[in-house]
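Quick notes on the structure that follows.
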Amino acid sequence: MSLSTSSQIAKHKTQSINRFFASHPRLGLGTLLSGPILWLLVVYVGSLALLVVSAFFGLDEFTGKATTNLTIGNIEEVISESAYRLLVLRSIGIAGAATVICFMLALPVGFYISKLAKPWAKRGLVVAILLPLWAGYLVKAFALRAVFEPGSEFGDGGFLKNTIGWSPGFGYLSVIITLAYLWFPYMFLPIYSGFERLPESLIDASSDLGAGSIRTFFSVMMPMLVPSIAAGSIFTFSLSLGDYITVKIVGGKSQMIGNIIERTLLAPNQPLAAAFTLWPITIMVAYLFVMARLGAFKNL
Amino acid sequence: MTSKAKPSSTIAISLREVRKTFGEVVAVDSVDLDVFNGEFLTLLGPSGSGKTTVLRMVAGFEALTSGSILLDGEDVTGVPAFERDVNTVFQDYALFPHMTVLENIEYGLKVKGVARDERRNRATKILEVVQLIGFADRKPNQLSGGQRQRVALARALVNQPKVLLLDEPLGALDLKLREEMQVELKSIQQRVGITFVYVTHDQSEALSMSDRVVVFNAGKIEQIGTPQEIYEHPATSFVASFVGITNLFSGDRAQQIIGRSGTFTLRPEHVQISFDSSQTGLSATISSIQYLGAESRVHCTTKDNLKVIATVANEHLSRVVLGQLATLVWKPDAVFEVS
Ligand SMILES: Nc1ncnc2c1ncn2[C@@H]1O[C@H](COP(=O)(O)OP(=O)(O)OP(=O)(O)O)[C@@H](O)[C@H]1O
Ligand SMILES: [Mg+2]
């Protein structure tokens, strides 16, 4: 008897909680999302804000520790120094080149898998392309190092040197190829799903109106894929722009923004490193802005 | 099958022994059909009967399993869609979303290399025909369903094809708009004089718009004829029951009611309900009454559980009472034998 009443009371309690949230839906949603929102604010926005603020900190020359003497000297330095500007431009060039390569490969491959491959082959091909994502980043970078190894009087060359007798060696070309290889799935996936989303009837309609397949590809498919391409390029561009490990593994003496940031951080000059990070942040904000105009976020 | 060729008319499309299978599924089976120049021909049939497949084969989107298709007397069986002088209005309209109405309409002309001025000219003229002047610069997603439908029509018509194929072009519209567009489509067809091959599963649409109707069932043609022939002289029991509603008698029932063996059809509007007990006819009780607005459909059941439907004008409805015993009467020539 007493058992049943206590369970009844418990039931009554949950009922009234349910009712409370049902009549205050915003409060319910707020409770549900408060955890993730707090996480985003503290960990994500908070750390980013701290980074920007610390770019204005001074440096204690003796301890190498940041001081709260505010200065714009760091910012001035990373903007005015021409060697740094060259480095930034080169990084943009490398990220841009990797993005273009990914795009040039993903477009025909995505088209083939989505529109031409047999249904049973489709899934296998998509999985095969996405599979490398599950292998570690370092594993893949070192694998390519073994491919590009130019060899010297002290050691044998890598795979390319041994098979075709030529290798790009360690430098910018290898960095670009490696980055394109690493981030290709991120370009492929949105382009492939863009092709998948493309209604078959639009392609029929274009051919019905007299357009051959090449015309249809450029007049109907490509314009409709722009948002997908933009979305994919955000991944490949930002991941490439921020990279510094690939450069170390296959880049030889090459440098990107990330390497300078790392070097300054270890110098140690945390405020100057923070000032350097403003470069990729600014570039990415501008890039995202342009891509948003192209509709990159339309299909989210 | 009654297929009356007008002696003077020339043939726009010929289908010869056309067959199409998708794996195990036979979508279209040995279809023979001639479409005359300038006519409004409708392919009518239930869902999955192969209408779309026939249309797609004529347009060139689908390869034939066997048989051949002739356009204007020329075999086009292996010719790709973009080289055929036919245009299609798709069920989902298939307007290019990144182009404006004008760009959509000019697309076909542009592809064929028609000069800019002439393109603009023809597009403007066709916009007038479909009453979309002033919408030229809108994108498809800024249009209503009916307006999109008209853009799709204009985009096809502007190419002045020999044949226009329309796959349930009004399927997505509400009833009122659909009826308006039916009238409009028909009048546009008569004005431009292009052959229309029109697909629908709506029998009233088929009857009201077409010069001839082709009734499909399970990939085969059941009957070809004018709307009147199809409705009044259905060749098969399938046609009789699919086009309009009807009473079908077969087997023992036919023997008992008509006095002959076979399958017979009797339209409900030919059945009269009499409460005069001296009348000779089929006696049955009124089992339910369906009010349809302009008239009512009365369902009657005989004592050995045969159901007969009669149409009653609403002014006579007050005399019809549920559960009442009545005598059903019809003229002998209202009964048709079907196969
Ligand atoms: N691409 C395809 N692959 C396999 N089967 C198909 C394909 N297209 C059509 N079919 C089959 O062929 C038959 C005829 O299809 P079709 O689309 O021509 O019918 P329909 O008469 O247009 O029907 P609805 O009125 O529903 O549009 C159906 O059984 C359908 O399942
Ligand atoms: Mg169909």
Legend entry - Of all residues in segment B:95-132 being touching a Pro at 6+ places or on another chain (Cβ under 9 Å) and closer than 19 Å to B:Leu185 by Cβ, the one that is farthest from the other protein chains (Cβ to nearest Cβ): B:Val101
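For segment B:77-87: of the residues being in a loop (DSSP other than H, G, I, E, B) and out of contact with any strand residue (DSSP E or B) (no Cβ under 6 Å at 6 or more places or on another chain), which is farthest from the other protein chains (Cβ to nearest Cβ)? Quick ask: steps written out before the conclusion?
Step one: filter segment B:77-87 for residues in a loop (DSSP other than H, G, I, E, B), giving B:77-80, B:84-85.
With out of contact with any strand residue (DSSP E or B) (no Cβ under 6 Å at 6 or more places or on another chain) added as a condition, the list becomes B:78-80, B:84-85.
Working: B:Gly78: 15, B:Val79: 12, B:Pro80: 7, B:Arg84: 8, B:Asp85: 9 Å.
Filtering first and then ranking leaves B:Gly78.
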Legend entry - Scope segment B:300-314; condition surrounded by 16 or more Cβ atoms within 10 Å (Cβ to Cβ) and not hydrophobic (A, V, I, L, M, F, W, C); matching residues: B:Thr302, B:Thr311
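Among the residues of segment B:183-202, which ones are assigned to a helix (DSSP H, G or I) and hydroxyl-bearing (Ser, Thr, Tyr)?
Matches in segment B:183-202: B:Ser187 only.
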Legend entry - Condition broken by B:Ser68, with the remaining ones in (1) more than 14 Å from every other protein chain (Cβ to nearest Cβ); (2) surrounded by fewer than 16 Cβ atoms within 10 Å (Cβ to Cβ); (3) within 7 Å of ligand 1 (Cβ to nearest atom) satisfied: (3)
Legend entry - Complete set of residues in segment A:145-162 that are closer than 24 Å to A:Ser91 by Cα, outside any helix (DSSP H, G or I) and among the charged types (D, E, K, R): A:Glu149
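Identify the residue in segment B:52-65 that is away from every other protein chain (no Cβ under 13 Å) and out of contact with any Ser or Thr (no Cβ under 8 Å at 6 or more places or on another chain) and, among all such residues, is farthest from ligand 1 (Cβ to nearest atom). Spell out the reasoning first.
Of the residues in segment B:52-65, the ones away from every other protein chain (no Cβ under 13 Å) are B:53-54, B:63-65.
Narrowing the set further to residues that are out of contact with any Ser or Thr (no Cβ under 8 Å at 6 or more places or on another chain) leaves B:53-54, B:63.
Details: B:Thr53: 3, B:Val54: 7, B:Ala63: 11 Å.
The residue in question is B:Ala63.
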Legend entry - Search result, residues across segment B:135-151 that are closer than 10 Å to B:Val101 by Cα and in a loop (DSSP other than H, G, I, E, B): B:Phe135, B:Ala136, B:Asp137, B:Arg138, B:Lys139, B:Leu143
Legend entry - Any pair with Cβ under 9 angstrom, 6 or more apart, that starts in segment A:178-205 at a residue that is within 14 Å of chain B (Cβ to nearest Cβ) and ends at one that is of a type in the set (Asp, Glu): A:Pro199/B:Asp92; A:Ser201/B:Asp92
Legend entry - Every pair of residues 6+ apart whose Cβ atoms lie under 7 Å, when the first sits in segment B:43-61 and is near ligand 2 (Cβ under 10 Å from one of its atoms) while the second is among the polar types (S, T, N, Q): B:Gly45/B:Asn217; B:Ser49/B:Asn217
Inset, instruction - With the checklist (1) under 30 Å from A:Tyr172 (Cβ atoms); (2) at pLDDT below 90; (3) not charged (D, E, K, R) in hand, flag the one item A:Gly96 doesn't pass. - result: (2)
Inset, instruction - Of the conditions (1) part of a helix (DSSP H, G or I); (2) touching a Gly at 6+ places or on another chain (Cβ under 7 Å); (3) not aliphatic (A, V, I, L, M), B:Asn159 clears all except one; give me its number. - result: (1)
Inset, instruction - For segment B:218-249, enumerate the residues that are over 24 Å from B:Val271 (Cα atoms) and crowded, with 18+ Cβ neighbours inside 10 Å. - result: B:Gly219, B:Ile221, B:Glu222, B:Gln223, B:Ile224, B:Gly225
Inset, instruction - Within segment B:88-95, identify whether any single residue is out of contact with any Lys or Arg (no Cβ under 7 Å at 6 or more places or on another chain), away from ligand 1 (no atom under 16 Å from the Cβ) and not in a loop (DSSP other than H, G, I, E, B), and answer yes or no. - result: no
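The values are calculated or read from the model by the stated rules, or taken from the named source; none is laboratory data. Just so it is clear, the structure is predicted and the values come from calculations on it, not from any experiment. Because the Cβ atoms are built from the backbone with ideal geometry, glycine has one as well, and the counts that use them run over all protein chains shown.
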